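The values are calculated or read from the model by the stated rules, or taken from the named source; none is laboratory data. Quick caveat, the model's predicted, so the values are computed rather than measured. Methodologically, a virtual Cβ is constructed for each residue, glycine included, from the backbone with ideal geometry; neighbour enumeration extends over all protein chains shown.
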Amino acid sequence: MYAYIIGIGTTPFGKAPDRDHRSLAREALVGALGDAGLDDGQRIDQTFFGSTLMHRTGQTMIRGQAVLREPMAEGILPRRMPVLNVEGACATGSLALQSARTAVLAGNADLALAIGVEKMFDPADPAAALAEIAGGFDNFDVQAWHAEYARAAQESGHPWDPAPDRSVAMDTYGLQAAWHMHRYGTTQAQIAAAAAKSHRNGVLNPNAQYRFPMTTEQVLADRPVSGPLTRAMCAPIGDGSAAALVCSEAFLAELPAATRERAIRIRASATTGGTFRGFDEPSLSRIAVEKAYAEAEVGPEDIDLAEVHDATSFCEVYQAEMMHFCPEGKGGTYIQAGETEIGGHHPMNTSGGLVSKGHPIAATGLSMTHEVVTQLRGEAGERQVRNARIGLTENGGGVIGFEEAVCVVNILDRLS
């Protein structure tokens, strides 16, 4: 038994100071309903709603209920629809999707909505969101993870020096990159090649926050952020929303042929949690993808494209290794050889990735889903991966030790 994605919707990502959470969520919702060929969402049994920074507006506790109240009052959504709020840092959107799938497979819903929305940009204080990102760390025991990074700094010969003018997440990624460079010989130019590839792909995505090409040399010459990372290697702050409609086999069978033909199956979904680990021990994303491969009965050689969590372009280098696309320590050379380009062996982040498409935290995982579904339907235009049949998303969130706090890997495929 499987669950199926029948509708997807997304806003363009970017700085939208004149829009609020309700406006952004409505656009993604209406887009997903229209994509599924539904006049309204009256048959939605449950909604899983994600947002991580809405407390900045004063809205807590019932975030999804407050944001979706108007569509429920207007008849776009059921008046008594249950809304479950989901939060898992940058993995929030993927957790919402997995929750919708679980509800369908458990028989609790024939049709479920997963939606994520984030407002990160504040024109009065553009850097305000940077401090908020520290909430994705273990703040009950700050010294423990600081000591872990200090130890990594000592091993790699790179300083551990968080600064208030940038997100501490960029400092952790910068040191992870420096350690990888020390251990395996990965170069800054290889990380820059991943960023340049993603920026080229972003030009082809009408929903991307950054739609300008960059060369490897331009990426290297951009403003330094932390360690080997330059600004062009790091995801920007922005606003946006994305949504997906997930249904049962029975519900799918009732739909018109035109909708059934565009349905995408969720073949597997796996989640893992972070822990303090050895620096050379594979991360939680490796555990998640191996669980997902086993459930889907596929291997890395079967994956036609992947959207991975490149909060920095080093993450793409690393996740190429964790997804088993290449041996450990070889992610840099794999990318530099063009294997992750749209025409490569394992196209990665055809959307432009987080560094170009953007990273409104709770919407990110669902925007990854949006890209893979679009590709599997053959509707990606100039960035289309030829004959794409099976796609993967890897979405990490928060930090525990030298890795994320949670990771979700989903494997999707088309039916025909």
Go through region 163-258 and tell me which helices (runs of 4 or more DSSP H), entirely inside it, have 2 or more residues that are closer than 30 Å to Asp40 by Cα. 249-254
Checked Gly227, Gly202, Gly174 against criteria (assigned by TED's automatic domain parsing to the domain that holds Glu341 and on the phi > 0 side of the Ramachandran plot); the one match is Gly227
Only residues that are within 24 Å of Gly273 (Cβ to Cβ) and surrounded by 11 or more Cβ atoms within 10 Å (Cβ to Cβ): list them for region 138-155, please. Asp138, Val142, Ala144, Trp145, His146, Ala147, Glu148, Tyr149, Ala150, Arg151, Ala152
Scan region 238-272 residue by residue and report those that are of a type in the set (Val, Ile, Thr) and under 24 Å from the mean Cα position of the chain (by Cα). Val246, Ile264, Ile266, Thr271, Thr272
Just to check your reading of the model, which residue among Val372, Val385, Val408 is outside any loop (DSSP other than H, G, I, E, B), among the β-branched types (Val, Ile, Thr) and either in contact with a helix residue (DSSP H, G or I) (Cβ under 9 Å, 6 or more places away or on another chain) or assigned by TED's automatic domain parsing to the domain that holds Gly9 (or both)? Val408
Do we have Gly31 as at pLDDT 95 or above and touching an Asp or Glu at 6+ places or on another chain (Cβ under 7 Å) here? no
Go through (1) surrounded by fewer than 24 Cβ atoms within 10 Å (Cβ to Cβ); (2) in contact with a strand residue (DSSP E or B) (Cβ under 9 Å, 6 or more places away or on another chain); (3) of a type outside the set (Lys, Arg); (4) closer than 23 Å to Thr271 by Cα for Cys326 and report which single condition fails. (2)
How many residues does region 266-289 hold that are within 15 Å of His309 (Cα to Cα) and among the basic types (Lys, Arg)? 1
Filter region 156-186 for residues that are under 21 Å from Asp280 (Cβ atoms) and loosely packed, with under 15 Cβ neighbours inside 10 Å and give the result. Gly157, Pro159, Arg183, Gly185
From (1) buried (at least 23 other Cβ atoms within 10 Å of the Cβ); (2) outside the structural domain of His324 (by TED's automatic domain parsing); (3) in contact with a Lys or Arg (Cβ under 8 Å, 6 or more places away or on another chain), pick out the condition that doesn't hold for Ala244. (3)
Selection status of Thr340, among the hydroxyl-bearing types (Ser, Thr, Tyr) and touching a helix residue (DSSP H, G or I) at 6+ places or on another chain (Cβ under 6 Å): no
Checking the structure you have, find out if any residue of region 159-170 is in the same structural domain as Ser367 (by TED's automatic domain parsing), over 26 Å from Ala242 (Cα atoms) and among the small types (Gly, Ala, Ser). yes
(1) out of contact with any Leu (no Cβ under 8 Å at 6 or more places or on another chain); (2) part of a loop (DSSP other than H, G, I, E, B); (3) among the hydrophobic types (A, V, I, L, M, F, W, C) all hold for Met120 apart from (1)
How many of the residues making up region 161-180 are farther than 21 Å from Ala192 by Cα and at pLDDT 95 or above? 0
Consider only pairs whose beta carbons are under 7 Å apart and that are at least six residues apart or on different chains; among these, list those whose first residue lies in region 307-330 and is more than 17 Å from Met368 (Cβ to Cβ) and whose second residue is among the hydroxyl-bearing types (Ser, Thr, Tyr) and at pLDDT 95 or above. Phe314/Tyr173; Val317/Thr186; Cys326/Tyr334; Gly329/Tyr184
